[in-house]
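Each remark here refers to the structure printed beneath this line.
Computed from the coordinates by the stated procedures, all read-outs in this text should not be read as laboratory data. A quick note: this is a predicted structure, and the numbers were derived from the prediction, not measured. Note that each Cβ is placed from the backbone with ideal geometry, even for glycine, and that neighbours are counted across all protein chains shown.
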Amino acid sequence: MPEFTEKIQQSMLPHIRGLGIYQGVEPVEVMAERAGIPQDKIIRLNGNENPYGPSPAVAEALADFPNFNHYPDPEQRQLREALSGYVGVDPDCIIAGNGSDELIDMLFRMFVGPGDNIINLTPTFGMYSLGAEICGGQAISVARDEKFDIDLERIKLAITSLTKAIVVCSPNNPTGNMPTEADVRALLDTGILVIVDEAYYEFSGQTLMPLLHEYPNLVVLRTFSKWAGLAGLRIGLGAMHPDLAGMMMSVKPPYNVNLAAEVALIASLKDMPALLERVNAIVYERDRMMGLLDAIPTVSPYPSQANFILCQLPEGSGPKVFEGLCNRGIFLRHWSNG
Ligand SMILES: *Cc1c(COP(=O)(O)O)cnc(C)c1O
């Protein structure tokens, strides 16, 4: 390879040059090799994926679909119609994304420029700060309290004239708890764009979607990655005021959601009862696991409304437990506040 020239490096935007790499989930082959364990023995818990996989109807629908040589509909007509039936808001309030990650990215590209900031309620999902930084903006971290509830007073103090959005993950990844509706209303009353990420809605059963009728500055994000087992096909949705959705349609890459994802989504929505039964099974297992973890004297699990559980371990033992489980083929995520 020729040397990467100074000139090229220098011409890259400074905030891009300084970016870190997002720690995503690794392919199962990589995990298997690391643990020295066959692929089918690997237990992947670090992506909050669906262990049941997609609906069996998905493979059939993909096999039968005749038009993969066509581009997807840039206006997402059929897709928005189907999503509208699912979330209960008009199709012109909805945009489908290549995963909800793409919608986070598009929203920040619309609102956050160099020097601007977003408010991030930490600890939380890593894509929000990364998305803001890619736009040259900054993520201002407002720490949650000791129960990981959001702290309205601290949030209000952190808001500046350059604050373009407040991101509220509900239930929050990785803590599993939810904000109260009253707290989110208070954030919406600031008039700033409030993005409520409901990636785990189907596990919590609680949504702020109905508030769209009251607040033009609310965006609700959902994904089919977790409950419907479509993480690998990449499809999520944003619901928002129709004027904002209209503007977002012009920012959107024309063919952002591929036809396989669209076909899979429509097949999944037709198979909702079976998929929701799996969600119930996961919730049941979550609560059973919670009891088992709670019975270990050194482990303190936090109550969760999602499909994962955050546990506190004795000071300094986290990395050892994490590594020990990795070596046995059980992959988790770890955080430290030190
Ligand atoms: C998994 C996750 C997403 C990503 O969803 P995709 O639709 O797969 O991009 C978004 N937000 C949170 C909080 C998540 O945990």
Can you name the residue in region 116-137 that is within 16 Å of the ligand (Cβ to nearest atom) and in a helix (DSSP H, G or I) and is also nearest to D101 (Cα to Cα) among such residues?
-> M127
What residue, of P179, P174, is assigned to a loop (DSSP other than H, G, I, E, B) and touching a strand residue (DSSP E or B) at 6+ places or on another chain (Cβ under 8 Å)?
-> P179
Every residue from region 64-102 that is in a helix (DSSP H, G or I) and over 22 Å from the mean Cα position of the chain (by Cα) | D64, R77, Q78, E81, D92
Unique residue being more than 16 Å from the ligand (Cβ to nearest atom), loosely packed, with under 15 Cβ neighbours inside 10 Å and within 16 Å of A231 (Cβ to Cβ) when the list is A63, A59 | A59
Sort out which residues of region 196-237 are within 13 Å of V168 (Cα to Cα) and near the ligand (Cβ under 10 Å from one of its atoms), and write them in order of number.
-> D197, E198, A199, Y200, L221, R222
Can you tell me how many residues in region 203-247 are under 14 Å from the mean Cα position of the chain (by Cα), surrounded by fewer than 21 Cβ atoms within 10 Å (Cβ to Cβ) and aromatic (F, W, Y)?
-> 0
Filter pass, T175 being closer than 19 Å to P54 by Cα and within 16 Å of the ligand (Cβ to nearest atom) | no
Which ones in region 40-56 are surrounded by 13 or more Cβ atoms within 10 Å (Cβ to Cβ) and away from the ligand (no atom under 16 Å from the Cβ)?
-> I42, I43, Y52, S55
Of all residues making up region 178-195, the number that are surrounded by fewer than 22 Cβ atoms within 10 Å (Cβ to Cβ) and within 11 Å of the ligand (Cβ to nearest atom) = 0
Taking region 92-115 as the search range and keeping residues that are away from the ligand (no atom under 14 Å from the Cβ) and in contact (Cβ under 8 Å) with a residue 60 or more places away in the chain, which one is nearest to L221 (Cα to Cα)?
-> I94
